[in-house]
Each structure stands twice: as C-alpha cells, then as structure tokens.
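Colleague: One structure coming up, written as structure tokens, with questions to follow.
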Amino acid sequence: MFKGFTRFLQSPGERLKSFFGPESSAAAGLSEPRIIPRQEHPVSRQHFSDAALKVLYRLHNAGYQAFLVGGCIRDSLIGRMPKDFDVATDATPEEVKTLFRNSRIIGRRFRIVHVRFGREVIEVTTFRGKPGDDHSDHIAQQSDEGLLLRDNVWGNIQEDAIRRDFTINALYYSIADFSIHDFANGVRDIEDRTLRLIGDPATRYREDPVRMLRAVRFAGKLDFHLAPATEAPISDLAPLLLQIPPARLFDEILKLFMGGHGLETFRLLRQYGLFEMLFPEAAEAMDELPWAEPLVEAALASTDRRIAEERPVTPAFLFAALLWGPVQLRQVAHERDGMPPIPALQAASQQVVSRQLQHISIPKRFSLPMRDIWDLQQRLPMRRGRRVFQTREHPRFRAAYDLLLLREAAGELEPGLGDWWTAFQNADEHEQRRLLDKVGANPAGSGAPGKRRRRRRKPRGDNTGGDNGNG
C-alpha cells in the first residue's frame, strides 16, 4: 500500500490523469460526482486520526451518511499528512450531539458541532442546502449586499458540495466504502495546481468576503495559482472585508501568518489590495517609510523558519513588527509637538492599537506583550548601570531583542546595538563589565543584581539631627 502511495507522490499529476480520465462538465454545474473507488486513489485510513475515525464510524453505524471532507482529503492527495479533520453528515447538529456526549453545538451564523477528544477537536457539519425565500430569518438570512448573515439550511451531499468554496475542497471520502466523491473536478485542479472558486466568484465573495483571504492563504500554502475568474474580482471587492467582525478577522490573521507560509501570503495580500483592509495604518506606513515593509517581511520570514523548525512562535511578536511603522510615525509627530520620547511612544502605541482594533481584534494576552516589546525598544539603547541587567531580565527581552535585530536588518537603525546585546548575553561577568565600560558605564555601579554595596551610615553627631544614627 505504501509503495503505491510513494509512486503516486513521485508524479501525482500523471497518476491522477490515469485514474480519472478526461475532463468532464463545468465544476459549478456538476450534479453527479466522480466516484473514485479505493483501489484507484492513495488516500488511506492510516492517514486519519483515531478521533476522526471514531466520529465517522459512530455516525455510519447509527445509520447516517459520514464523509471526511475538504482539506484533509486535498492534503492527502497532494502528498501532505493531514492535521485537521472535518466531517460532513446528513445528521442534524442535534442528532450529532445525541451521539457524542463529548460534543457541543457552536455558532449562530453556521451551526456546527465540535466533538472533543482530549486536545483534538473534530468539526462535524450537516450537509447544507441552498437558502431560499421560504426560509425564515432564523434559518437563513442575507444582507442587502449579499453577505450571508445566517445559513442553517440543511440539504443533501450534492447541494453541500456546490456550497463549498473551492473545487479542491469539494472532495468527500466515504467511510462506507472508502471511495472519494469529487463533485467539482477538484482532482483535476489539484493536478493543475489551480485554485478555483465554485460558482460565480463575485457572488461567492459577496456571500462571504473572507473567501478572498482563504483564496490567498491556500495559494500561498499550497503554491497554487488562482484561476483567472477567481482572481479577477478580488481587488475590486477587497473593501467588503470591512464588513467582517474584527474578532473573526483575528482568527483569519492567525491562519494567514502563523501557518508556516506567512511571507508568501503577505506578498499576495499586498498584491491584491487585501492587506490595507486588515492593517490600514501599517499599509500607510509602508508607503512612507522605506524600511517598514522589509521589517514586516523579515519578521514573517523569521516566523516561517521557526514554525518549520517546530520552535515556539507568538502573535504578539508578529503584531509588534506589523504595527511598528505606524507607531514610529505617530511617535515622531508627538515629539515634533514637544512631547518627550517615552510619553510620545506610549501615546503613539495607544493610538495605533485603538485604530487597529477597529479592523482586527487583538486579545490583551497578545496586545500587552506587544506593547512591552515596543517599550523595550526605548530601553535597549540605555546601557548604563543596573538598568542593563533589569532590561536583560525583562520577560519580553528576547522578543524585543529579536525586533531590534530586524530593525537593523531592515535599515531603520544603523548596525551595532544588536551586536552589543548579542555579545552581552553570551558574556561572563568580566566581559559584561568590559562591554559596559566600552559604552561609558561606571563599573562600580554596574554590578549584577545581588552585588549592590551596602551603604555606610554616618556616625551620630551634632549636625545629624539625632534621627539616623546607629546608637
């Protein structure tokens, strides 16, 4: 089995052509799927988590249809090991919840069921139908602009497939016979490395503008190109993202930039005019400051490397880099008005965060560390006395130091300060004192914490007032 899978991965395009034959009807018009039997595709149950299989089999054994759908099947066909598993079924959310005590129904706009197995969550969705005029607002509702406000109309698997966003995600793996149901020529588009929306792209983007972000994210992640019709409306419809709640966009930003392909995704966002809808002040800073865009690209490249190396990453650092340009523009403006540097930075930080929250929610667990990273940019040049050691021991020092290095690499700062801090971190106590002397520090006052000299008290005398003697 695995030998066959290895051969498949060596030339997936040719293998898929031999499996499925010539191109059939247009994707959006398909009413019957191509059903690909188990012996003619490389997707195996061994690629799926035990939790996903438990959900599939319990639904199947209870008499419901049960399919793995979307990204996990797409990734298996491409040759990537899937990580997230979504299940589609004809069981309603209430029926799913009855089968799984470890589940809960979430969402109002789209009602889905999360089935939890320890830290793993399997998302179960009911087949969706087409909203119609005969459905009440609590089931299906659209805004005047075409945005879907609520969509809980149940249907069959064919209707559900056409409601999916991209052809490569309209792939269903049946637990009943292990076949793949391809409703929209998704296998053909995987073979051609093409990302194509199902249906009219402008209509689908108006239904849910976040689909534009998903298009860019999949293109960056999979190294696919956008089909011409899918690509064409994006720049004109980008302002529709302003309708999306900031909390939802925060989740999308994590997917865009914290998935290991952030740099390529960022460049696509810039190319299609989507980035300025998410970070308007950062986009303005990039147009004005020559170092602002290189700084963001360097931060994203660093994040991508850390993810590839399975090292920890935090959104706080990435947001600090994305919004540093706007903070600097505002700080300079405040200083021109006569405000001292530290209050100017604090005022600028508050203003930038306030404006950004109108577009993307940033939880305090990230916004507060982000502001610490900014504040430390003022403290890092201050290399005198005990302040150096206090800065070094700050819990955000490492992130602030990393941002400092990126600022130098991007051309905002002259090199030097970053090298000094690199040497200081790696030095012993003697070398640290030499480095402090080199920048004019007083060695007697620069000892590490715990080395402070005791202060000698003056002897009692007539001119002491008699209140602070030692008897």
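Colleague: Mind counting the residues in segment 247-276 that are open to solvent by less than 40 Å² (accessible area, probe 1.4 Å), touching a residue at least 60 places away in the same chain (Cβ under 8 Å) and part of a helix (DSSP H, G or I)?
Modeller: Pass one, segment 247-276, residues open to solvent by less than 40 Å² (accessible area, probe 1.4 Å): 249-250, 252-253, 256-257, 260, 262-263, 265-266, 268-269, 272-275.
Those still in the list that are touching a residue at least 60 places away in the same chain (Cβ under 8 Å) too: 249-250, 253, 257, 272, 274.
Add one more test, that the residue is part of a helix (DSSP H, G or I), and what stays is 249-250, 253, 257.
Residues flagged as open to solvent by less than 40 Å² (accessible area, probe 1.4 Å), touching a residue at least 60 places away in the same chain (Cβ under 8 Å) and part of a helix (DSSP H, G or I) within segment 247-276 amount to 4.
Colleague: So, one more: Please note which strands (runs of 3 or more DSSP E) are completely contained in segment 58-115 and include at least 2 residues that are in contact with a Lys or Arg (Cβ under 9 Å, 6 or more places away or on another chain).
Modeller: On the way: elements: 66-69, 86-89, 103-106.
Output list reads 66-69, 103-106.
Results for (1) surrounded by 22 or more Cβ atoms within 10 Å (Cβ to Cβ); (2) more than 25 Å from the chain's Cα centre (by Cα), shown as yes or no for each residue.
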site	(1), (2)
320	yes, no
331	yes, yes
362	no, no
369	no, no
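Colleague: Moving to a separate point now. Could you check how many residues of segment 289-301 are out of contact with any helix residue (DSSP H, G or I) (no Cβ under 7 Å at 6 or more places or on another chain) and either in a helix (DSSP H, G or I) or among the β-branched types (Val, Ile, Thr) (or both)?
Modeller: Within segment 289-301, residues that are out of contact with any helix residue (DSSP H, G or I) (no Cβ under 7 Å at 6 or more places or on another chain) and either in a helix (DSSP H, G or I) or among the β-branched types (Val, Ile, Thr) (or both) number 0.
Colleague: Can you name every residue in segment 376-397 that is in a helix (DSSP H, G or I) and either modelled with pLDDT under 95 or more than 20 Å from residue 296 (Cβ to Cβ) (or both)? Quick ask: steps written out before the conclusion?
Modeller: Taking segment 376-397 first, the residues in a helix (DSSP H, G or I) are 376-379, 387-392, 397.
Hits for segment 376-397 are 378, 379, 387, 388, 389, 390, 391, 392, 397.
Colleague: Taking into account only those residues within segment 198-246 that are of a type in the set (Ser, Thr, Tyr) and over 12 Å from residue 269 (Cα atoms), which is surrounded by the fewest Cβ atoms within 10 Å (Cβ to Cβ)? Before you say what the answer is, go through the steps one by one.
Modeller: Start the filter on segment 198-246 by keeping residues that are of a type in the set (Ser, Thr, Tyr), which leaves 203, 205, 230, 235.
Still in the running and over 12 Å from residue 269 (Cα atoms): 203, 205, 230.
Numbers: 203: 11, 205: 25, 230: 23.
Here the residue is 203.
The values are calculated or read from the model by the stated rules, or taken from the named source; none is laboratory data. Remember, predicted model here, so these are calculated numbers, not experimental data. Positions of Cβ are backbone-derived with ideal geometry, glycine not excepted, and every protein chain shown enters the neighbour counts. Surface areas here come from the heavy atoms of the whole protein model, side chains and all, with no ligands, DNA or RNA. Shrake-Rupley method; radii C 1.70, N 1.55, O 1.52, S 1.80 Å.
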